[in-house]
1. What ranking, highest mean first, results for peptides 32-45, 151-164 when packing means the other Cβ atoms within 10 Å averaged over each residue?
2. Report the extension gain between LEU21 and HIS62 in nm, rounded to one decimal, defined as 0.36 nm multiplied by the number of residues separating them, less their alpha carbon distance.
3. When we measure straight from the Cα of LYS134, which aspartates and glutamates land under 14 angstrom away, once same-chain ones fewer than 8 places off are left out?
4. Picking from THR236, THR251, THR265, whose Cα lies most toward the positive end of the charge dipole for the range 215-266 (charges on Cβ: Lys, Arg +1; Asp, Glu -1)?
5. Where the centroid of each part is defined by its Cα atoms, how far is the range 1-61 from the range 87-144 in Å?
6. For the range 236-312, what log10 I(q)/I(0) values come out of the Debye formula at q = 0.11, 0.19, 0.28 1/Å, with one point per alpha carbon and no solvent?
7. For the range 318-423, just the Cα atoms, rotate onto the principal axes and tell me the three extents in Å, largest first.
8. Can you grab the distance from the C-alpha centre of the range 213-279 to the C-alpha centre of the range 387-411, Å, no decimals?
Amino acid sequence: MVKYMHNMQRYNVASLIWQGLNKHKGWTRAWRSPPLKDRYEVIVIGAGGHGLATAYYLAKEHGITNVAVLERGWLGGGNIARNTVTVRSNYMRDASIPFYVKSVEMFEGLTDELNFNLMHSKRTMIDVVQTYPKMRELRRRQLTMDIYGSTYRQISEAELRRRVPALTGGGPDARLPVIGGMVHTDAGVNRHDAVAWGYARAIDAMGVDIHQQTAVTQLIRAQDGSIEGVETARGTVRADKVVVAVSGHTTTLTETAGLKLPLRTMNLTAFVSEPVKPLVDVIVNCPDSGFYFSQSDKGEMVIGGAPDMGQSFRRDIKQHVFEDTVTAMLSLFPSFKRLKLMRQWGGHLDIAHDASPIMDQTDVPGLFITAGWWGGYKAIPAGGLTLAHLVATGRPHPLMAPFTLSRFRHLDYVMETGTTTAR
Ligand SMILES: Cc1cc2nc3c(=O)[nH]c(=O)nc-3n(C[C@H](O)[C@H](O)[C@H](O)COP(=O)(O)OP(=O)(O)OC[C@H]3O[C@@H](n4cnc5c(N)ncnc54)[C@H](O)[C@@H]3O)c2cc1C
């Protein structure tokens, strides 16, 4: 708990009992709706995970609190609300692994730090491997991960089936028989709303202004070309520094400042089943078949598949993507055919050509972006920490240094196959 969160009401057993005795009349608002000022030191566009986390570490690590977070809808209503909450660090590249190791570690301590229960459940991820090329690729990942202290271990098919008893398909006669598994014990899941709300409550207590229903329509540049501020649905707001943290909408916003970025926006989808009794206690990832799932605390199977390969801003699920994912899942988990599916949805995410993020200052002085977050939920704490460092000091944090925008000019890509569903 940082000392300057003086306004923040403590959430604990004692306060719950006390408020219960007082008929719950003493809870204070988790965050304010302050008036919109016409100038801030920093504007962060987007109250998703990355925007809120950046504002949090700007305030906490650098004492910069004259910050506005501008959100066109409601905070935490974007992709942070639409993802399948897998947090892991089994990536491929030297540039990526230490960054994700740090992020996973930060997630594990965030409940205490934010005084908000993120329900972080470090429950292990198991890859079900069905082809030898995939096994070789994952073993190669293991060798690099070993260097950075991330966990990855091969297990036999028998051990895999013991750990995941619902895996009854993929036998020797199957088109793609299961040949073994990889175990990543650092992986976990947590509660996405709590991550958004925990960061939001903390930044509000440190004096950062969150403005919901405040869409940014245009980035404004000064005569010398540097950033001057933003045009919003509620008027002009000026700032010396502007951070674009709008996920799949990055290009639509940066184009208003004349910037073209090496990003595509694509649709990724998920769906959940009815709640059932505890059946699977790990995250199961099936990279050869193109789906993954975990069981939520309520008992629902939370299932994700491969992306729709066309570029789009859709937020629903295409029938063929849905059918492909279900077909693949039933081939390995035939008993799931009795599950009723309750909800399905999609989100639109931006992805760079090398499937790695971009966290950098742009060619427009004072304008920063955090983008290309294909699997960016797991990256929220480290993404916020490192981008805040760059915004506050003007120097890249060592953990984010490879994720520059200029790598595309110099063909210095971070080709990341650990972004599971990207192809
Ligand atoms: C189906 C699905 C499953 C996923 N599963 C995982 C997973 O298991 N693990 C993982 O690590 N990642 C996963 N992801 C990816 C992850 O959700 C995203 O990478 C991450 O949430 C993106 O960062 P964010 O939270 O800041 O984005 P968002 O929550 O989308 O935040 C951006 C915010 O900007 C706002 N905004 C947009 N335009 C404007 C504007 N003009 N003015 C003001 N505000 C604006 C939006 O309303 C939004 O609130 C998944 C994504 C999807 C869709």
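Quick note: the coordinates plus some simple rules give every number you see, no bench work behind them. The model shown is predicted, which means the values in this text are computed figures rather than measured ones. Note that we place each Cβ from the backbone using ideal geometry, even for glycine, and neighbour counts take in every protein chain shown.
1. Those peptides, ordered most packed to least, come out 32-45, 151-164.
2. 10.8 nm
3. ASP288
4. Projecting each Cα onto the dipole axis, the largest value belongs to THR265.
5. If we compute the Cα centre of each part, the gap is 28 Å.
6. Calculated log10 I(q)/I(0) at the listed q: -0.52, -0.86, -1.27.
7. 55, 27, 22
8. The range 213-279 and the range 387-411 have Cα centres spaced 19 Å from each other.
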